[in-house]
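Engineer: Would you mind keeping the following structure in view while I ask a few things?
The values are calculated or read from the model by the stated rules, or taken from the named source; none is laboratory data. Just so you know, these numbers come straight off a predicted model, no measurement behind them. Positions of Cβ are generated from backbone atoms using ideal geometry, with glycine treated the same way; all protein chains shown enter the neighbour counts. Side chains included, ligands, DNA and RNA excluded: accessible areas come from the protein's heavy atoms. Shrake-Rupley method; radii C 1.70, N 1.55, O 1.52, S 1.80 Å.
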Number of protein chains: 2
Amino acid sequence: MQKKEYTKLMDNATATHQARLFKALMHPVRIQILELLRGGEQCVCHLEAYLDLRQAYVSQQLAVLRKAGLVSDRRDGPNSYYQIARPELLQLLDLARTMVCPEGSTLAKHRVTCPCPRCNPSRDEAIQTRILKLKEELPC
Amino acid sequence: MQKKEYTKLMDNATATHQARLFKALMHPVRIQILELLRGGEQCVCHLEAYLDLRQAYVSQQLAVLRKAGLVSDRRDGPNSYYQIARPELLQLLDLARTMVCPEGSTLAKHRVTCPCPRCNPSRDEAIQTRILKLKEELPC
DNA sequence: TTAGTATATTCCTTTTTTTGCATATTGCAA
DNA sequence: TTGCAATATGCAAAAAAAGGAATATACTAA
């Protein structure tokens, strides 16, 4: 039997890192979160409303994505905003989608009530103007 | 709070299928198998030798890839040959590798002894000629 | 300080994967 | 048929992930 010298195509460490990346993506909710982040950063309550999931659960899934280095977070007052940290992720998701979803499935519509500042600019604005008004009324 | 009509970016079914694809790829051994299949089909004993893993274990991992529709198999005599069924997979793996492995890691060399017919053409040939010789010696 | 909103984490149970081991199957030749 | 080589499958224990529930933290406003 022939004994051959063989240069490995890939070392174990790389394969393990790659597997870790796929592991972070192997969950439907995490994929949907990344899809929602496609258009830019979103706060947790927005994801919660749009996916119709409990807050703690969304936070757990975000923690998995964060620990895998796939998303980054930023605090703004009471809200946390998450965004995609690796733009190549979107290519990866696009490629995966073409592989599993050949037929253009029709996307469902549904109603959401999201409490986040971005979804409620008027409400936020109203609060801000009321605050300003009150401040003006105060004696210096 | 505003109530908005929202067209889902992705239906649950698609996300689930995508997750299933990533699930099949979330294992280092399966990734290494796919890398070995990059150059074309290989038999099980070849993978076994090149990855230095037990036969039953390689077969199990191949079964996962097969059930996910990522590889196809073909029987040729006593050997089973596997090949990549979805060429887009290679793109996916390439993209994933660039994401996790920025520094060009040096690939290790190692010696393998593979018993498969392709790795031992001379041995196979020798057997074949011996068979032919024996047949000639037989009285019709 | 207290209360309320937004978010994160910890603990625990259930389910799914992993992995080793034994065994079954298949194809071929004697 | 028997025996052997190559491959596949079934089973069980260990490890990991999923998901629910309670709780902790952070910030803001009163």
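Engineer: Six or more apart or on different chains, Cβ atoms under 8 Å: show the pairs whose first residue is in segment B:7-26 and at pLDDT below 95 and whose second is β-branched (Val, Ile, Thr) and open to solvent by less than 10 Å² (accessible area, probe 1.4 Å).
Structural biologist: Between residues of segment B:7-26 that are at pLDDT below 95 and residues that are β-branched (Val, Ile, Thr) and open to solvent by less than 10 Å² (accessible area, probe 1.4 Å), the close pairs are B:10/A:31.
Engineer: Right, next: When the residues of segment A:1-23 are narrowed to those that are facing another protein chain (nearest Cβ under 7 Å) and basic (Lys, Arg), which ends up most open to solvent (accessible area, probe 1.4 Å)?
Structural biologist: In this case the residue turns out to be A:3.
Engineer: So, in segment B:68-116, how many residues would count as being more than 30 Å from residue A:90 (Cα to Cα), among the basic types (Lys, Arg) and surrounded by 11 or more Cβ atoms within 10 Å (Cβ to Cβ)?
Structural biologist: Going through segment B:68-116 one residue at a time, the tally reaches 1.
Engineer: Within segment A:23-54, how many residues are near DNA strand D (Cβ under 10 Å from one of its atoms) and under 21 Å from residue B:5 (Cα atoms)?
Structural biologist: Going through segment A:23-54 one residue at a time, the tally reaches 3.
Engineer: Follow-up. Inside segment A:24-82, can you point out the residues that are polar (S, T, N, Q) and either near DNA strand C (Cβ under 10 Å from one of its atoms) or more than 11 Å from every other protein chain (Cβ to nearest Cβ) (or both)?
Structural biologist: Of everything in segment A:24-82, those that are polar (S, T, N, Q) and either near DNA strand C (Cβ under 10 Å from one of its atoms) or more than 11 Å from every other protein chain (Cβ to nearest Cβ) (or both) turn out to be A:42, A:55, A:59, A:60, A:61, A:72, A:79, A:80.
Engineer: Tell me yes or no: at least one residue of segment B:96-111 is under 12 Å from the mean Cα position of the chain (by Cα) and within 23 Å of residue A:14 (Cβ to Cβ).
Structural biologist: no
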